[in-house]
1. Is it the case that the range 139-152 has a residue that's crowded, with 16+ Cβ neighbours inside 10 Å, at pLDDT 95 or above and in a strand (DSSP E or B)?
2. Which residues, taken from the range 206-227, are more than 27 Å from CYS93 (Cα to Cα), touching a residue at least 12 places away in the same chain (Cβ under 8 Å) and open to solvent by 50 Å² or more (accessible area, probe 1.4 Å)?
3. Can we say GLY189 is modelled with pLDDT under 95, more than 27 Å from ALA83 (Cβ to Cβ) and over 17 Å from the mean Cα position of the chain (by Cα)?
4. Would you check which residues across the range 84-102 are under 27 Å from HIS146 (Cβ atoms) and within 16 Å of the ligand (Cβ to nearest atom) and list them?
5. Against the condition modelled with pLDDT of 95 or more and among the hydroxyl-bearing types (Ser, Thr, Tyr), how does SER107 come out, does it pass?
6. Just to be sure I understand the filter: pairs with C-beta atoms under 6 Å, separated by 6 or more residues or on different chains, first member in the range 150-170 and under 23 Å from LEU193 (Cα atoms), second member surrounded by 14 or more Cβ atoms within 10 Å (Cβ to Cβ) and at pLDDT below 80. Which pairs pass?
7. Got a number for residues in the range 157-186 being outside any helix (DSSP H, G or I), modelled with pLDDT of 95 or more and open to solvent by 20 Å² or more (accessible area, probe 1.4 Å)?
8. Being under 23 Å from LEU116 (Cα atoms) and not polar (S, T, N, Q): is that true of MET36 here?
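The values are calculated or read from the model by the stated rules, or taken from the named source; none is laboratory data. Since this is a predicted model, take the numbers as computed values, not measurements. Cβ atoms come from the backbone with ideal geometry, glycine included; neighbour counts cover every protein chain shown. Accessible surface areas use protein heavy atoms only, side chains included; no ligands, DNA or RNA. Shrake-Rupley method; radii C 1.70, N 1.55, O 1.52, S 1.80 Å.
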Amino acid sequence: MRAFLDSLTQTLFPCTCACCGDVLMPGEKQICINCMAELTATLYSGHAHNRTERLLGARIHFLHATSIFTFRHGNTVQRLIHAMKFHGNSELCIQMGRQMGLELLASGRFDDIDLLVPVPLHWWRRIQRGYNQSELLCRGIAQVMHREVNTRTLRRHRYTRQQSLQASADREKNVAGAFSLRHPDDLAGRHILLVDDVLTTGATLCSCCQALEEIPNLTISIATLSVAGH
Ligand SMILES: [Zn+2]
């Protein structure tokens, strides 16, 4: 009900900032210029051995990895993610995807990507939310990088509780074995960009990569819109 009302509000009053609620000025889309300036950029994308790569490197084989913004409790990035997940604001997700795409392009390290693969939601969660925010990020990236989005191969077959509501120690157990594959041939020999909205412990991405492991000659790079600050 809450999500529905939020979505209705967005439809009826589309011209307010998704982060602070202020009325948007002409030329501003979804986020006001002040909040845009407050999005804490990591500047990781152009750099090998960045913090995201170090965070995931011990557990996942990947070519390149990056996160675009840092979220901390109460910061503008956290409000942005919240608006993407719980306010039914699909256009905001696509816009942030375009932002990701521009940064990935500018870095020059993600030029060899063949396909964009979002971290999937369980079908029931997707119905509750109305969309998969990571898939919409991919749609936005695709508008900039002109790559196809593959949503049919990597599947989430187990319903898991909201990660944000759990102690981090429980997260690994929660998502282990939650993903499986259909039509794995679609990805064989390709270089995919695995996309998610948030990186905290990396448990979700690790679990995805475990499922993807059986695909022959698959190269994985990873991009998340945000990473938990330290
Ligand atoms: Zn704002």
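1. Yes, the range 139-152 contains at least one residue that is crowded, with 16+ Cβ neighbours inside 10 Å, at pLDDT 95 or above and in a strand (DSSP E or B).
2. GLU214, PRO216, ASN217
3. Criteria not met by GLY189.
4. Within the range 84-102, MET84, ASN89, GLU91, LEU92, GLN95, MET96, GLN99 meet the criteria.
5. yes
6. Qualifying pairs under 6 Å: GLN163/ARG171.
7. Qualifying residue count, the range 157-186: 4.
8. Here the answer is no, as MET36 does not meet what is asked.
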